Amino acid sequence: MPLTNMQATPALLLSVILPLVQAQIPHWGPCPDPQVQPAFNLKKYMGRWFEVSKLPAQFEKGRCIESNFTMKPDGSVRVLSSELLKGEVKTIEGTAVVEDLKQPAKLGVSFSYVLPYTPYWILSTDYETSALVYSCTDVLRLFHVDFAWILGRTRTLPEATINHAKEVFTSSNIDVSRMIMSRQAGCDKE
């Protein structure tokens, strides 16, 4: 029996959404709205950041994950991310923009000309040691898929820093119970 338009729409929607959430854990309801870094200074955020801990992400399969942020003349940011996967360094280049000048810690990042910007919110940073980053996408406000990262200017951070970061996420209604340490060992030798 052929699908009617009303039946085809949910089926089509699921076929588009399922790959997005396949490796992620969807949460019921819309995205939380955490506080971001007050008086955020984008220029001080520039430079190299290493992924220390994260919520598992389908698009990150390797180890030694890092990103380098460079200011462009137009005020946008070049984002060059890399990971070591099966003995090869894989890189991807994207662009980050401040989407609302009143909230400069809420960036949008895109790694493709055809994809929209996705949230890249800096919840907290001291610019010199660590940063807490959150990204969340609502799906019809029925559920959301989110990502969270603890970043460092070095490949590791003290346990107390990581525990405090998790507390910040949790106090913002972000579930980090599945957060895992990123694999950063042996990276500088490769």
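The values are calculated or read from the model by the stated rules, or taken from the named source; none is laboratory data. Note that the structure is a prediction, hence the values are computed from the model and not measured. Glycine gets a Cβ as well: all are built from the backbone with ideal geometry, and neighbour counts include every protein chain shown.
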Given R153, R178, R183, R141, which one is at pLDDT 90 or above, basic (K, R) and farther than 20 Å from L55 by Cβ? R153
Give me the pairs: first residue in the stretch 85-98 and touching a residue at least 60 places away in the same chain (Cβ under 8 Å), second residue among the small types (G, A, S) and not in a loop (DSSP other than H, G, I, E, B), beta-carbon distance under 6 Å, and six or more apart or on different chains, which are they? V89/S82
Which condition breaks for V52 when tested against (1) over 23 Å from G186 (Cβ atoms); (2) hydrophobic (A, V, I, L, M, F, W, C); (3) surrounded by 15 or more Cβ atoms within 10 Å (Cβ to Cβ); (4) at pLDDT 95 or above? (1)
Test result for F69, hydrophobic (A, V, I, L, M, F, W, C) and in a loop (DSSP other than H, G, I, E, B): no
Considering I122, I92, which residue is within 13 Å of the chain's Cα centre (by Cα) and closer than 23 Å to M181 by Cβ? I122
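Just need a number here: residues in the stretch 165-190 that are in contact with a strand residue (DSSP E or B) (Cβ under 9 Å, 6 or more places away or on another chain) and assigned to a helix (DSSP H, G or I). Show your work before the answer.
Taking the stretch 165-190 and keeping what is in contact with a strand residue (DSSP E or B) (Cβ under 9 Å, 6 or more places away or on another chain), we get 165-166, 168-169, 172, 174-176, 179-188, 190.
Now drop any that are not assigned to a helix (DSSP H, G or I), which leaves 165-166, 168-169.
The total comes to 4.
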Considering N163, N173, which residue is modelled with pLDDT under 95, farther than 16 Å from F50 by Cβ and of a type in the set (S, T, N, Q)? N173
Across (1) in contact with a Ser or Thr (Cβ under 9 Å, 6 or more places away or on another chain); (2) farther than 19 Å from I92 by Cα, T125 clears everything bar (1)
Residues within the stretch 58-67 that are closer than 18 Å to V133 by Cα, surrounded by 15 or more Cβ atoms within 10 Å (Cβ to Cβ) and not aliphatic (A, V, I, L, M), tallied: 4
Scanning the stretch 104-121 residue by residue, those in contact with a Phe, Trp or Tyr (Cβ under 8 Å, 6 or more places away or on another chain), of a type outside the set (A, V, I, L, M, F, W, C) and farther than 15 Å from S81 by Cβ turn out to be P104, K106, G108, P119
